[in-house]
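For reference, the structure discussed in these notes is given below.
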Amino acid sequence: MTTVLQVSDTHIVAPGQMVAGRLDTAASLQKLVTRIGDMLPQIGPVDAVLVSGDLSDDGSRESYAHFRALLAPLDLPLFVIPGNHDCRAHLREAFADDGYLPQTGRLNWHRQVGEVDLIGLDTLVEGQGGGVLEDETLEFLQDALAKVGQRPVLLALHHPPFDCGIWFMDAIGLSGSDALTDLLQASQAEIRILCGHIHSMMVMSVGRAVAISSPSPCSSFAFDLRADAPKGFLTQEDGFLVHQWQQGFRSVRIPLEGGAGPFQF
Ligand SMILES: [Fe+2]
């Protein structure tokens, strides 16, 4: 069995700072790290932790150092992709020692983790909320999928390749997802797409693949499909996802708060 945990949209800033004047994102991430630590004996061995973008809220060097310090107690292999709040140069610099990020260009990467091929794609357009799959990134994916053959794939990109129905998030969605669907269609692999951005868990079919978005530990967006839904975030904190491969993929959401029990039926 191969197990990858997914954490997303942690929006960390320098120590002592708040996000949007009200979110203590470091305290939220600390709670999540404690929760993950508590769950590890139940989940079993973990091969990697994937962080699907918006590690930082402001892209500062201090925020990435703070992020690394907050995740350090887990002592698990960490793989990251950039989100729209990240700064490509500072993120690359902060994680350069881990060896999987390219030294130049977009932060696209491919590593084998247990029985699974983990592929990270860079959809960041600096200065914009929306993301894009550039030709360079699509070519990288095409080459990676050719090498993968029929092995199972976890494909990570920050911006979901589907509409979530929340108007102000779809307004900063992903360009180039039709080309992505075509590439997936041509692959023989079983592919699960892992995203972030919309601070809520949704599951969608994207061509032959299943796409899943992760909740965020620091905030969420209301599932409000009205055309005049109020724009903004909720202070609701949420947990993380567990993705496991054993003949097929299993994906589970673990909420930040565990319930009382177990009690006898
Ligand atoms: Fe985010």
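Odds and ends about this structure:
- The calculated FRET efficiency for Q185 paired with R22, based on their beta-carbon distance and R0 = 41 Å, is about 0.40.
- Furthest towards positive pole of dipole, L70, G44, V203, structure part the chain, Cβ charges: G44
- Normalising the Debye intensity of the range 2-254 to I(0), with uniform scatterers on Cα atoms only, and taking log10 at q = 0.09, 0.10 Å⁻¹ returns -0.34, -0.43.
- For the chain, relative contact order (Cα pairs under 8 Å, six or more residues apart, normalised by length) works out to 20 percent.
- The 3J(HN,Hα) values that the Karplus relation (6.51, -1.76, 1.60; θ = phi - 60°) gives for the range 90-98 are, in residue order, 5, 5, 4, 4, 5, 10, 4, 5, 6 Hz. Gly and Pro appear as x.
- Full extension of the chain segment joining Q236 with A72 gains 56.6 nm, where the gain is 0.36 nm per residue of separation less the Cα-Cα distance.
- Charged neighbours of E62, selected by a Cβ distance under 14 Å, balance to -2 (K, R count +1; D, E count -1).
- For the range 227-242, Karplus couplings with θ = phi - 60° (6.51, -1.76, 1.60), whole Hz, Gly/Pro x: 5, 10, 4, x, 7, x, 10, 9, 7, 5, 8, 9, x, 9, 10, 10
- About the centre of its Cα atoms, the chain shows a dipole size close to 540 debye [charges on the beta carbon of Lys, Arg (+1) and Asp, Glu (-1) only; nearest 20 debye].
- Relative to the Cα centre, the charge distribution of the range 1-143, modelled as +1 at Lys and Arg Cβ and -1 at Asp and Glu Cβ, gives a dipole magnitude of about 520 debye.
We did not get these values from a lab; they are worked out from the coordinates using the rules stated. All values reported here derive from a predicted model rather than from experimental measurement. Every residue, glycine among them, receives a Cβ derived from its backbone with ideal geometry; neighbour counts consider all protein chains shown.
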